[in-house]
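The values are calculated or read from the model by the stated rules, or taken from the named source; none is laboratory data. Quick caveat, the model's predicted, so the values are computed rather than measured. Counting neighbours? That spans all protein chains shown, and the Cβs are built from the backbone with ideal geometry, glycine included.
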Amino acid sequence: MNKRLLTIFVLGSVLFSAHAQQSKGGISDEMLREIKQSYQATAADKAIRNAIGGSDIRTLALNQENMQAVDTYFSNKVDSKGITNQQSSGRCWLFTGLNVMRAKAIAKYDMGAFEFSQAYIFFWDQLEKSNLFLQGVIDTSTKPMDDKMVEWLFKNPLSDGGQFTGISDLVSKYGLVPKEVMPETNSSDNTARMANLLSLKLREYGLQLRDEWAKGGKVATLEKNKTQMLGKIYRMLVLNLGVPPTEFTWTRKDAKGNPVETEMYTPMSFFKKYVNEDLTNNYVMLMNDPSREYYKTYEIDYDRHRYDGKNWTYVNLPVEEIKEMAIASIKDSTMMYFSCDVGKFLNSDRGLLDVKNYDYESLMGTTFGMDKKQRIQTFASGSSHAMTLMAVDLDKAGKPQKWMVENSWGPTKGYQGYLIMTDEWFKEYMFRLVVNKKYVTTKVLELMKQKPIRLPAWDPMFAAEE
């Protein structure tokens, strides 16, 4: 075959292939002409196009019919003193969990603004997660690199996000200290660079452990080498976050700022005095996930902060039943760990979460019709942020009208550091709530006795909250 014929043959094949692709689902010329008819370049279309081209879509979609003053009255509210700030970090889970505990400590000892040290728990969180990863690499050393679990481990060697299980796992082992004893640093406020370096080192160590096993190394040898590797990680954490105290002196002050008592503590003795609660066994995680069967208990594989800790386990329930337990807790002046899809319909200037905040349908000339189940199934929605549920406004019939959370974005964000959500928004975008067992129904306690259905670590619904 000469070159000219070969060229014609190749071009013909390409054209045939392109035609075949179109006939199998590609956009044909006829289809494209039909598609283009959806934009008619009317005066209205041009005006909307011009507006969107130079403006934030949220500004244009702002629903003016929903701009009445936000009602900040709540019939049932837990007192809060001082808004925390997680800065540029994914530690919402940590701030939320500690805020739940500090509210109890403030009430018990009549203190003013007070915080537990977030940097202290974060230090141990990062060390424990590093061990979780390295031990996971050892446990899966017999599997190939393209194994799903091995792949997941190397994709997720470390993160600053987490769940309530991190609070129970870490505080029960390492205790607590006041913020003054181990304050924030630039690396705790801005975790990205430290996390990148730690993750890079952990991946390198993970490969070394797998290579050692491939060369005939025994598990005991690998675990000994793991200890040395963790020593390097510990040093990096100290350089970034400081040395965790083992003993300290602290003066408690009353609500007016007057000194009450000065004592010497260890982190564990401080925890026992100011919290003294079985965080592992006294709380129940509730989930509203309509994409999975209700009245079942689920467990997320490898979703924990300590290798020897507890996997995140929860009961999946209809949202109305979760509301009842939340109301019972608030009425008894007890805050709760709460997580949701915070970015949906948030008007941050007003501090309001309301599905009526933005009218995207009118602006775009279409509808967005998926329900909560469908949004979860298509990865359009999931829990992204944890906050502290602290208030509910009930009507005369006892039905919730709106809710309020204490956030960790600082006092200038939202409504004085808080976010208010309508009950309709709560229903659509609330996902997780951690409730003390004394507010949980007998039915839920019985469900907790089930053998949990185990879900894989990479299930997209269970990404760490940030």
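Here are a few things to note about the model shown:
- Hey, residue 306 buried (at least 19 other Cβ atoms within 10 Å of the Cβ) and charged (D, E, K, R) or not: yes
- Hey, residue 379 touching a residue at least 60 places away in the same chain (Cβ under 8 Å) and exposed (fewer than 13 other Cβ atoms within 10 Å of the Cβ) or not: yes
- Scope the stretch 216-226; condition in contact (Cβ under 8 Å) with a residue 24 or more places away in the chain and either closer than 22 Å to residue 236 by Cβ or crowded, with 16+ Cβ neighbours inside 10 Å (or both); matching residues: 222, 223, 226
- Long-range neighbours under 8 Å by Cβ, at least six apart or interchain, first residue in the same structural domain as residue 416 (by TED's automatic domain parsing) and surrounded by fewer than 19 Cβ atoms within 10 Å (Cβ to Cβ) within the stretch 328-357, second in a loop (DSSP other than H, G, I, E, B) and of a type in the set (Ser, Thr, Tyr): 343/384; 344/381
- Checking residue 259 against (1) free of Cβ contacts under 8 Å to residues at least 12 places away in the same chain; (2) not assigned by TED's automatic domain parsing to the domain that holds residue 168; (3) not hydrophobic (A, V, I, L, M, F, W, C), the condition it does not meet: (2)
- Residue pairs whose Cβ atoms lie under 6 Å apart, separated by 6 or more positions or on different chains, with the first residue in the stretch 417-441 and in the same structural domain as residue 337 (by TED's automatic domain parsing) and the second assigned to a loop (DSSP other than H, G, I, E, B) and among the basic types (Lys, Arg), are 429/344.
- Selection of the stretch 380-399 for residues being farther than 14 Å from residue 419 by Cα and either in contact with a His (Cβ under 9 Å, 6 or more places away or on another chain) or not basic (Lys, Arg) (or both) yields 380, 381, 382, 383, 384, 394, 395, 397, 398.
- Test for residue 99: is it under 29 Å from residue 191 (Cα atoms) and part of a helix (DSSP H, G or I): yes
- Within the option set 117, 88, being under 14 Å from residue 188 (Cβ atoms), of a type in the set (Ser, Thr, Tyr) and surrounded by fewer than 16 Cβ atoms within 10 Å (Cβ to Cβ) holds for one residue only, 88.
- Residue count, the stretch 155-166 (criterion: assigned to a helix (DSSP H, G or I), surrounded by 18 or more Cβ atoms within 10 Å (Cβ to Cβ) and either of a type in the set (Lys, Arg) or at pLDDT 95 or above (or both)): 0
- Residue under evaluation residue 270, criteria (1) in contact with a helix residue (DSSP H, G or I) (Cβ under 9 Å, 6 or more places away or on another chain); (2) under 27 Å from residue 163 (Cβ atoms), criterion not met: (1)
- Count of the stretch 285-311 residues, restricted to those that are part of a loop (DSSP other than H, G, I, E, B), among the acidic types (Asp, Glu) and in contact (Cβ under 8 Å) with a residue 24 or more places away in the chain, is 3.
- Considering the stretch 176-215, and only residues there that are buried (at least 20 other Cβ atoms within 10 Å of the Cβ) and among the small types (Gly, Ala, Ser), the residue that is farthest from residue 286 (Cα to Cα) turns out to be 206.
- Cβ-Cβ under 8 Å pairs, at least 6 apart or on other chains, the stretch 30-58 side on the phi < 0 side of the Ramachandran plot and among the small types (Gly, Ala, Ser), far side part of a helix (DSSP H, G or I) and surrounded by 11 or more Cβ atoms within 10 Å (Cβ to Cβ): 51/60
- With respect to the conditions (1) closer than 23 Å to residue 233 by Cβ; (2) in the same structural domain as residue 165 (by TED's automatic domain parsing), residue 94 falls short on a single one, namely (2).
- Considering residues of the stretch 29-71 that are under 30 Å from residue 418 (Cα atoms) and in contact with a Phe, Trp or Tyr (Cβ under 7 Å, 6 or more places away or on another chain) only, the residue surrounded by the fewest Cβ atoms within 10 Å (Cβ to Cβ): 70
Residues are listed down the side, and each one gets a yes or a no for (1) under 30 Å from residue 258 (Cβ atoms); (2) assigned to a helix (DSSP H, G or I):
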| site | (1), (2) |
| --- | --- |
| 104 | yes, yes |
| 121 | yes, yes |
| 127 | no, yes |
| 144 | no, no |
